[in-house]
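The values are calculated or read from the model by the stated rules, or taken from the named source; none is laboratory data. Note that the coordinates shown come from a computational prediction; the quantities given were computed from them, not determined experimentally. We place every Cβ from the backbone using ideal geometry, glycine too, and count neighbours over all the protein chains shown. Note: areas computed on protein heavy atoms with side chains; ligands, DNA, RNA excluded. Shrake-Rupley method; radii C 1.70, N 1.55, O 1.52, S 1.80 Å.
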Amino acid sequence: MIAGLVKKDVLPKALWWDTGDFSEDKDLAPYHYIRVQAYNTEHDLLISGGEDHPTGDIDKDDIQEEHRYRKLEEWTRNHFPLEEVVYCWSGQVMEPVDSLAFIGRNPLDKENVYIITGDSGTGMTHCTIGGLLITDLILGRKNAWEEIYSPSRITMKTGNVFFKELFRGVASLMKGAPEDDRVKDFSAIRAGEGKITNVGGHKCAVYREENGSYHIVSGRCTHLKATLTWNADEKTWDCPWHGSRFTHDGHVINGPANCDLPVYEKVDGQAIHNQDLKEIQ
């Protein structure tokens, strides 16, 4: 997301969406979403979102997170009279492979446990639908939306999208970020940078602080052991399989992982060898 200045009242108070760029992804075309917010006496704030992509995407031709703001700004300037960009930020949303939320009884759980998730960034809409639907389920009333939003619906019929996401996860589990494996010395990691490195049989995620100190944690997600990737924009370790995220020093901040990464400390010297590391329990 970016937010920038436009002249006061030059744009109507409205919400805009486009239909997505299918040349970038024919299965899940990234789209843009825009609205106007009052700011001061001279300007309104144009809030523009887009450049959506899977968390921790490891495709070699993929755009780095920190560069997506530039692409989003270029698109926005091509369509709106944007002046100065004053804010930028990113967030994470849960996206079902068939693009419909999961609203209803939680599968394989007790009969009185209900969920509303997979909102794809439209949580207020789904809260309204969920309030109506789940009320009917609790009261035993028939609701025409029950089957559509059922959390236990079969999603294999989504075909390409399902298998594409499955392949991404398997790829991260098998090969991770091979370009980082060439790092044999901590000094090769720049200040403010994170790298996945093989350390004497340990797959480690190493982040170097601006002051030169290092944070060394396991490079595998604590959910299903997929190899993490470094998010240079958010300074986080992200899992490309199911979207778990961790701080640069290993604390979990997004599920489905529910525990922190194992932490290592460097014992001796600059060269990376097995005897240089020990795990801190």
Wholly within region 1-80, strands (runs of 3 or more DSSP E) carrying at least 1 residues that are within 30 Å of C221 (Cβ to Cβ), among the hydroxyl-bearing types (S, T, Y) and modelled with pLDDT under 95: 33-38
Close pairs (9 angstrom Cβ cut-off, 6 or more residues apart or separate chains): within 14 Å of K195 (Cα to Cα) in region 209-222, of a type in the set (F, W, Y) and open to solvent by 20 Å² or more (accessible area, probe 1.4 Å) anywhere: I216/Y264; V217/Y264; S218/Y264
Which numbered condition E95 misses (of (1) charged (D, E, K, R); (2) at pLDDT 85 or above; (3) under 30 Å from E74 (Cβ atoms)): (2)
Members of region 115-152 found to be assigned to a loop (DSSP other than H, G, I, E, B), open to solvent by 40 Å² or more (accessible area, probe 1.4 Å) and under 15 Å from R105 (Cβ atoms), listed by number: G140, R141, K142, W145, E146, E147, I148, S152
Residue list for region 80-97, filter: surrounded by 15 or more Cβ atoms within 10 Å (Cβ to Cβ) and touching a helix residue (DSSP H, G or I) at 6+ places or on another chain (Cβ under 9 Å): L82, V85, C88, S90, P96, V97
Qualifying position, being on the phi > 0 side of the Ramachandran plot and more than 27 Å from the chain's Cα centre (by Cα), among G118, G104, G140: G140
Residue within region 271-278 that is modelled with pLDDT of 90 or more and surrounded by 17 or more Cβ atoms within 10 Å (Cβ to Cβ) present: no
Where a residue in region 1-23 is open to solvent by 30 Å² or more (accessible area, probe 1.4 Å) and its partner, wherever it lies, is of a type in the set (D, E, K, R), with Cβ under 6 Å and at least six apart: K8/E42; K8/D44; L15/R35
Listing of strands (runs of 3 or more DSSP E) fully contained in region 193-262 that carry 1 or more residues being open to solvent by 20 Å² or more (accessible area, probe 1.4 Å), charged (D, E, K, R) and more than 16 Å from Q92 (Cβ to Cβ): 194-199, 202-208
